[in-house]
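*Asks:* Okay, handing you the structure first.
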Amino acid sequence: MNLYLNQIAAIVWKDFVTELKTRELLSAMFIFALLVILIFIFSINLSIVKASEVGPGILWVAFLFAGTIGLNRSFMLEKENDCLMGLMLVPADRTAIYFGKLISNLIFLSIMELFILPLFMIFFDIDLLSHLGPLLVVVFLGTLGFCVLGTLLSSLSSNLKTREIMLPILLYPLLIPIIIAAVRMTGQILDGTELSDMMKWVGLTASFDIIYIGVSIMTIDHILEE
Amino acid sequence: MNQETTEELNEESYILVWLTGIVFLFAMAAIFLFVPTEQTEGPVQRIMYIHIPSAWLSFFAFFIVFTCSILFLWKKEREWDIYAHASAEIGVIFCSLVLITGPIWAKPIWGTWWVWDARLTSTLILWLIYVAYLMLRAQTEAGFMRARYAAVLGIVGFLNIPFIHFSVLWWRTFHPQPKVISSEGFGKGMETSMLITLGISLCAFTLLYFLLMGQRVRQEKLKDEIDRLKREQLYSS
């Protein structure tokens, strides 16, 4: 077990070192998310609609689009110079590769989100600080669901000829439950609802996360196979 | 495939073709002649006898995709991949039919082509998932890799259905309920003649599924056979 965790940690660490050296991904994701929010602000009239009603949707669309960039990059990087082959030759379980990638995606996305949230607060004039605890829980649950399925499908789409096109087409319809749940929960939290009052959404998101982690463990062997 | 089994297959499919044709004729007769016109909705209500069987068929087809995908990953036999592929194609066709017949009925009854009702939304998302599945198959070259990827997506996609169902259902409850006739309401107030017609229509569509499935699977197997012969030719020359 300890060895397994070390293997996962090594993969996460490798992704971190790469990111620290190149500094390509995080800045790109952040700027892209910011652009998505800006475009939405221009496309709606904030003097007519209430910011707290459209805000959560816009926030999650920005996370989703920026996250897709991160996912595309995650396995593309490994395809260059056949790094994925190297990873698969490592005497580690294939699920360790999956979990390593999942955790590094999760961390990169979370960092991006932590930068976006304050800007969101300023642009939409919504007070996030008073509901920060439950909001972070919801953001984490939603991001986890996105990464769980996203990592699985990006490991699959990275082997296709048209990988950048196919990833969103495959991923977005499957993510609709998570998006609906995350937007609803965020909206309710901004309205001041307690987390305990929306247990059905929390349950839906949590069971989505758990079931797809299970499915990924069972199927990743069939994807990462030469 | 030797001569004998080919002929046997043909004979079986002929029986199925005739059977499907006859039952379809009965279904058409029942829909347009036998069943009385619905009082409040008028003749447009007859589209239900196409709409509901199509919906049933597409869900059934997607379930077959799911089972065959699991069986493929387990046994790694090309057979299951063919079944999953054929079933997904049929499922998408009938799911499209559901999405087309629905608005045709909804326009005169509800006054709009589309409402964001739970059932409609889930069907649309389901359609998108399986169109993506077929696109994945079209984008990858034939072979073991395509079969594995498609199988993974077949499993992931089907497991998504309960999540879609509940999220869309709860999503709607925050909005004013549109004037939707739920299936429970439909079933309860239904005449016996209507139920019979629906039953015949369901039978006809289910037979059609097996007919299409058989043809598509045979076609795919012949394709494999041609590929094999081509390769043989190539190596021998």
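*Asks:* Ranked by accessible surface with a 1.4 Å probe, highest first, in what order do B:148, A:23, B:231 come?
*Replies:* Of B:148, A:23, B:231, the descending order of accessible area is A:23, B:231, B:148.
*Asks:* For a test of the definition: using alpha carbon positions, the gyration tensor, and the 1.5 limit on a/c, classify chain B as rounded, prolate or oblate.
*Replies:* oblate
*Asks:* How large is the charge dipole for the protein assembly as shown, taken about the Cα centre, if only the Cβ atoms of Lys, Arg (+1) and Asp, Glu (-1) carry charge, to the nearest 20 debye?
*Replies:* Charge dipole of the protein assembly as shown: 400 debye, to the nearest 20.
*Asks:* Go through B:111, B:158, A:106 and say which Cα lies farthest out towards the positive end of the charge dipole of the protein assembly as shown; charges sit on Cβ, +1 for Lys and Arg, -1 for Asp and Glu.
*Replies:* B:111
*Asks:* Any idea what the relative contact order of region A:2-223 is, in percent, if you count C-alpha pairs under 8 Å spaced at least 6 apart?
*Replies:* Normalised by residue count, the contact order of region A:2-223 is 27 percent.
*Asks:* Also, quick follow-up: Return the Rg/Rh ratio of the protein assembly as shown with Cα-based radii and a Kirkwood Rh.
*Replies:* With Rh from the inverse mean 1/r over Cα pairs, Rg/Rh is 1.02.
*Asks:* Cβ under 14 Å from residue A:126's Cβ, residue A:126 left aside: what net charge do those residues give with Lys, Arg +1 and Asp, Glu -1?
*Replies:* Once positives and negatives cancel, what remains is -3.
*Asks:* With each label point set 7 Å from Cα along the Cα-Cβ vector, what nm distance links residue A:165 and residue B:78?
*Replies:* Distance between label points: 2.8 nm.
*Asks:* Right, another one. Heavy atoms only, probe 1.4 Å: what % of the accessible area of chain A goes to carbon and sulfur, would you let me know?
*Replies:* Whole-percent figure for carbon plus sulfur exposure: 69.
*Asks:* Summing -39500 (n - 2.57) over the DSSP H runs of n ≥ 4 in chain A and dividing by its residue number, what mean residue ellipticity at 222 nm do you reach, to the nearest 500 deg cm²/dmol?
*Replies:* Helices in chain A give a 222 nm mean residue ellipticity of -29000 deg cm²/dmol.
*Asks:* Let me ask something additional. Is it possible to state the helix-based mean residue ellipticity at 222 nm for chain B, with each DSSP H run of 4+ residues giving -39500 (n - 2.57), the sum divided by total residues, to the nearest 500 deg cm²/dmol? What is it?
*Replies:* That calculation yields -28500 deg cm²/dmol at 222 nm.
*Asks:* May I ask you to give the solvent-accessible area per residue for region A:2-223, in square angstrom, as obtained with a 1.4 angstrom probe?
*Replies:* Counting only protein heavy atoms, the per-residue value for region A:2-223 is 43 Å².
*Asks:* If DNA, RNA and ligands are ignored and the probe is 1.4 Å, what is the ranking of A:78, B:11 by accessible area, most exposed first?
*Replies:* Of A:78, B:11, the descending order of accessible area is B:11, A:78.
*Asks:* Let me ask something else about it. Let me know the shape class of region A:2-223, please: from the alpha-carbon gyration tensor, a ≥ b ≥ c as square roots of the eigenvalues, rounded when a/c is under 1.5, otherwise prolate if a/b is greater than b/c, or oblate.
*Replies:* In terms of gyration-tensor shape, prolate.
*Asks:* Under a plain spin-label model, where a point goes 7 Å from the Cα along Cα-to-Cβ, how far apart in nm are residue A:46 and residue B:215?
*Replies:* Going by the 7 Å Cα→Cβ label model, 5.8 nm.
*Asks:* So how exposed is residue B:76, as accessible area in Å² (1.4 Å probe, rounded to 10)?
*Replies:* 70 Å²
*Asks:* Positive end of the dipole of the protein assembly as shown, charges at C-beta (+1 Lys, Arg; -1 Asp, Glu), about the Cα centre: which of A:56, A:68, A:126 has its Cα farthest in that direction?
*Replies:* In the protein assembly as shown, that residue is A:126.
*Asks:* Rounded, prolate or oblate, given the Cα gyration tensor of region B:1-141, with a/c below 1.5 counting as rounded?
*Replies:* Oblate, because a/c is 1.5 or more while a/b does not exceed b/c.
*Asks:* Using a 1.4 Å probe on protein heavy atoms only, how many Å² of accessible area do A and B hide from each other, summed over both chains and rounded to 100?
*Replies:* That pair hides around 2900 Å² of surface in total.
*Asks:* I've got another one for you. In the structure shown, do any of A:79/A:101; A:14/A:161; A:161/B:223 have a Cα-Cα gap over 19 Å, and if so which?
*Replies:* Violating the 19 Å limit, Cα to Cα: A:14/A:161; A:161/B:223.
*Asks:* Now for a separate question. Give me the distance in nm between label points sitting 7 Å out from Cα along the Cα-to-Cβ direction at residue A:2 and residue B:225, one decimal.
*Replies:* 6.1 nm
The values are calculated or read from the model by the stated rules, or taken from the named source; none is laboratory data. Here the structure is a predicted model, which means the values were calculated and not measured. Cβ sites come from the backbone with ideal geometry, for glycine too, and all protein chains shown count toward neighbours. Each accessible area value is taken on the protein alone, full model and side chains, heavy atoms only, with ligands, DNA and RNA left out. Shrake-Rupley method; radii C 1.70, N 1.55, O 1.52, S 1.80 Å.
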